[in-house]
Amino acid sequence: MRRVRRRVAALGAAGTVGVLLAACSVSVPDPAAPTPAVSEPALATPTITPGHDAAAVAAKDLPLDAGGTLAAGDPVTVGNRLEEVPGWSVVHSGLQGENKYKKTDGCMAVARVAVNQGPLVVPGDDAASTKALFASLDAGTAAENLKPVKLPWGQATDGPQRQVEFLALESPGTSGGQAMLVWARLFSKPASSVYVSLACPDADALATSKAELAGHVAVIPPGQ
């Protein structure tokens, strides 16, 4: 099982594609669009925060209101193995903190980690910080369209699978248009973010790939 532990200094701006969700016109970044390089990626450096019990944090679910249990300056990362699913292949890995995948049916998936997100952070409030992240990606994103979603927290092979809460924006697409989703969370304490997006030719393809993505992408607690 391969883990991705690359970091970048800031989340690059992505292109936008208009979507219709909950009767509100919004847009989300197109995962197929190129992302401008903002800094050179750096290898992850293990950190130890005195008095912080990283194992205890990793052993519990991490809802949006529990972001304060993380340590400052120690980012969450992402582990993926989507290429193990038939039809999926790697486009690039660890490029500017981003992994990109394509599927034979035309779907594209992106998983990205960014650090130094301080300007977007609402101290002690991961939900508000994440809404600020979505707004920075596209000012037209309506906060009421963001819905909670849970992803795997860690890559446990024994015992119960823990979960981490993200906010999601999803569009089933319109006739002739792409179906898209974005899962994201800005972790306010370490000032880092995780962003996962999926774009497919239609709603049926999105539904299938969404289940595959959820089963093969895990959010990794610091220290694991």
(request) Return the lysines within reach of K102: Cα separation strictly under 20 angstrom, same-chain partners fewer than 8 residues apart disregarded; answer none if there are no such residues. (result) K210
(request) Decide, for segment 160-209, between rounded, prolate and oblate: order the square roots of the alpha carbon gyration tensor eigenvalues as a ≥ b ≥ c, take rounded if a/c falls under 1.5, and otherwise choose prolate if a/b is larger than b/c, else oblate. (result) prolate
(request) Would you kindly find the accessible area of E144, with a 1.4 Å probe and non-protein molecules such as ligands, DNA and RNA excluded, rounding to the nearest 10 Å²? (result) 120 Å²
(request) Please work out the average accessible area per residue across segment 160-203, using the 1.4 Å probe convention, and give it in Å². (result) 30 Å²
(message) Return the Rg/Rh ratio of segment 99-224 with Cα-based radii and a Kirkwood Rh.
(response) 0.97
(request) Quote the charge dipole size of segment 68-185 about the Cα centre in Debye, to the nearest 20; the model charges only the Cβ of Lys and Arg (+1) and of Asp and Glu (-1). (result) 140 debye
(request) Starting with the highest mean, order 113-119, 193-199, 159-165, 177-183 by the number of other Cβ atoms within 10 Å, averaged over the residues of each peptide. (result) 193-199, 177-183, 113-119, 159-165
(request) On the full set of protein chains, 1.4 Å probe, figure out the accessible area of T141 and give it in Å² to the nearest 10. (result) 20 Å²
(request) Please get the size of the charge dipole for segment 126-181, origin at its Cα centre, with Cβ charges of +1 on Lys and Arg and -1 on Asp and Glu, quoted in debye to the nearest 20. (result) 40 debye
(request) Can you tell me the order of 105-112, 89-96 when each peptide is scored by its average per-residue count of other Cβ atoms within 10 angstrom, highest first? (result) 105-112, 89-96
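The values are calculated or read from the model by the stated rules, or taken from the named source; none is laboratory data. In this text the structure is predicted, and so the values were computed from the model without any measurement. Positions of Cβ are backbone-derived with ideal geometry, glycine not excepted, and every protein chain shown enters the neighbour counts. The accessibility values were calculated without ligands, DNA or RNA, using every heavy atom of the protein model including side chains. Shrake-Rupley method; radii C 1.70, N 1.55, O 1.52, S 1.80 Å.
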